Amino acid sequence: MKIERLLPGIAGIVFLAVIPLLPVPPFWLTILNNIGLASLVTIGLVLLTGVGGLTSFGQAAFCGFGAYTTAVLSTNYGFSPWLTLPLSLIVGAATALPLGLITVRLSGHFLPLGTIAWGLALYYLFGKIDLLGRYDGISGVPPVEVAGYRFLSDGSIYYLIWFFVIAVAIGAKNLLDSRIGRGIRALRGGGQAAEAFGVNIVRAKLTVFVFAGVVAALSGWLYAHMQRSVNPTPFGLSMGIEYLLMAVVGGSGHVWGAIFGASIVLIMKDVLQRFLPDLIGTTANLEMVVFGILLVVILQLARDGLWPFVLKLLPKRPARSLPTSDDKLAKRTLAPAGSSLIKVEKARKAFGGLVAVNDVSFEVRAGQVVGLIGPNGAGKSTTFNLITGLASLTSGSVFYEGQPLTGDSPREVAKHGIARTFQHAKILPDMSVLENVALGAHLRGSAGVFRSFLRLERRQEATLLAEAAVQLERVGLGAYRDRPAGDLALGQIRILEIARALSADPAVLLLDEPAAGLRHGEKQELANLLKKLREEGVSVLLVEHDMGFVMGLVDHLVVLDFGTLIAEGKPADVRKHPAVVAAYLGGVA
Ligand SMILES: Nc1ncnc2c1ncn2[C@@H]1O[C@H](COP(=O)(O)OP(=O)(O)OP(=O)(O)O)[C@@H](O)[C@H]1O
């Protein structure tokens, strides 16, 4: 990595390191320590809510698990704090996992409501258990010690807290910047595209849920040894709301924004608590009113929070160069030309009384480009979804190389080497074009969460990115590699989806209306690309509306009307078929 890219980080760390050495008022250190503790929870929330799209009001409860674990074990049983550290994190993970299993399956507003429910329940639980000292809590928690040095003062525990904050922030950045992270970042867009390339969506959600729970537990562990006592108050719902506010203020999608958001909220809280009572003449918790207003203003005016504004003020970091890699990814052995790849046998799909696909049978053979056409509502997309696992068959079967695909999820279908594009393109607009394409290569990598967190998978990641770059060149989008995918025109987005599918090293490409919305010239370029891919041995099944586009391209045509197959064969023959002329071409063929 270029040293210029590291300079802002190094400057920040040096700045943090010298603060306690300066003659700063002691309450500054207290505030900085509290900011550090809150930053840990907020970094977890950035991944969970900002990146993963899973809103949680209950993170303070996980701080409680970390704090109580170490408080009980170190006071009642004499455990060393360093031994309780992994135990606190394990308890955080062990509680986050079952709660996550229940919560991440909730959708819409039920998800935040679910987190409020368990956030409240756990708070009251902490206050009711004798072992945890009920609402009085546990006091006499020992300080952390290293080689006889006790982290007693605010100035010393400051270093411990900020060491963990920086380490977790770097780890979180590493995680997001990896194969696993691409899957997590895809959650916000609904996750359908990611799942079609083999990302396990439930596991990705659980990963961020457990990560957020563990870092909150770490914050709780540090809090217990800083405060030297623990009671339920800081682990209630109002703190959970405050953490969420910090994530929103900072910028819910930015790891460093978490620290910024925690700083703004806690400094504002301190200032408001000091001056508001004098200004207004009451001691009520009026800072919550101000925070409420702040939240509404930020959600209205700066949905990405304030960190993007800070980024604009900072000097621009040099662009990252594409990592080079001499490693080659394994390539799939393609089936011999002419052999059966996808076989649809009497596939039927009924939506209530409507039969969208009515006992349809057809085949895609290796090396062929097969077109699936039909008027609006003919059942093309439903047939497509039956093959890719997005919809389940009412009856009938789908085979891939003779193996039944029936009942397979989109992720399992992807593992067979079936890669798809979407009728309504599903890209991740904030991610670079290269990263969007690299998402397609998900199943060709293997690095997990820990290796990614520690940045030990760089070699494999470089290979995946290099492969994505090759596919971008292959489809002619190489010049757009580092641009945000959201900057591309519709035609380019459709090509990007093809590059993403190609980076999965597919045996067969399934393209859902790839020419929809393209201009004449763009359609020609797309047709040329598909012909080139066929020459390279890639088989294609494409759903299309545009007759001219399909006729000049496909080897075999399947025509549906009202869910029923009305004709199939060579394009020239199908074109003359009376049922097709009547139903689809309206006599213009
Ligand atoms: N989830 C669903 N629930 C109920 N009906 C559905 C559902 N999905 C599709 N349909 C119906 O099934 C029929 C076939 O739809 P489908 O989208 O497969 O057609 P299509 O040939 O792809 O059409 P288009 O070219 O307009 O996309 C239509 O009548 C549609 O309204």
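Please name all residue pairs, on different chains or six or more residues apart, with Cβ atoms under 6 Å, provided the first residue is in the range 354-372 and is on the phi > 0 side of the Ramachandran plot and the second residue is within 15 Å of the ligand (Cβ to nearest atom). From residues that are on the phi > 0 side of the Ramachandran plot, the pairs are D359/R348. Out of the residues in the range 438-493 that are of a type in the set (V, I, T) and touching a helix residue (DSSP H, G or I) at 6+ places or on another chain (Cβ under 6 Å), state the one that is surrounded by the most Cβ atoms within 10 Å (Cβ to Cβ). The selected residue is V475.
All conditions but one from (1) free of Cβ contacts under 8 Å to residues at least 24 places away in the same chain; (2) within 16 Å of the ligand (Cβ to nearest atom); (3) not hydroxyl-bearing (S, T, Y) apply to E412; the one that does not is (2).
Residue-wise test of (1) surrounded by fewer than 24 Cβ atoms within 10 Å (Cβ to Cβ); (2) without any contact (Cβ under 8 Å) to a residue 24 or more places away in the chain; (3) not aromatic (F, W, Y); (4) not in a helix (DSSP H, G or I).
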residue	(1), (2), (3), (4)
L218	no, no, yes, no
P234	yes, no, yes, no
I241	yes, no, yes, no
M246	no, no, yes, no
A258	no, no, yes, no
A262	no, no, yes, no
L266	yes, no, yes, no
Q273	yes, yes, yes, no
L279	yes, yes, yes, no
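Residue by residue, here is whether (1) buried (at least 23 other Cβ atoms within 10 Å of the Cβ); (2) of a type in the set (V, I, T); (3) modelled with pLDDT of 90 or more; (4) touching a strand residue (DSSP E or B) at 6+ places or on another chain (Cβ under 6 Å) holds:
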position: L101; (1), (2), (3), (4): no, no, yes, no
position: R105; (1), (2), (3), (4): no, no, no, no
position: A121; (1), (2), (3), (4): no, no, yes, no
position: L132; (1), (2), (3), (4): no, no, yes, no
position: I138; (1), (2), (3), (4): no, yes, yes, yes
position: A147; (1), (2), (3), (4): no, no, no, no
position: F151; (1), (2), (3), (4): no, no, no, no
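Contact map, the range 374-392: first residue at pLDDT below 90, second residue near the ligand (Cβ under 7 Å from one of its atoms) and in a helix (DSSP H, G or I), Cβ cut-off under 6 Å, separation 6 or more or different chains; pairs are G374/K380. One residue alone among L106, L113, L152 is aliphatic (A, V, I, L, M) and in a helix (DSSP H, G or I), and that residue is L113. Out of all the residues in the range 161-169, is one or more touching a His at 6+ places or on another chain (Cβ under 8 Å) and touching a residue at least 60 places away in the same chain (Cβ under 8 Å)? No, every residue in the range 161-169 fails to be touching a His at 6+ places or on another chain (Cβ under 8 Å) and touching a residue at least 60 places away in the same chain (Cβ under 8 Å). For L334, the stated conditions do not hold, so it cannot be described as more than 24 Å from the chain's Cα centre (by Cα), assigned to a strand (DSSP E or B), more than 16 Å from the ligand (Cβ to nearest atom) and within 30 Å of E467 (Cα to Cα). Criterion applied to N358, N376, N385 was being over 19 Å from R411 (Cα atoms) and near the ligand (Cβ under 9 Å from one of its atoms), and the one residue passing it is N376.
Restricting the first member to the range 541-562 and to residues that are in the same structural domain as H577 (by TED's automatic domain parsing) and within 11 Å of the ligand (Cβ to nearest atom), and the second to residues that are in a loop (DSSP other than H, G, I, E, B) and of a type in the set (D, E, K, R), the beta-carbon pairs closer than 7 Å and six or more apart or on different chains are V543/E513; E544/E513; H545/E513.
The values are calculated or read from the model by the stated rules, or taken from the named source; none is laboratory data. Treat the numbers as computed from the prediction; the structure is a model and nothing was measured. Virtual Cβ from ideal backbone geometry, glycine too; neighbours counted across all protein chains shown.
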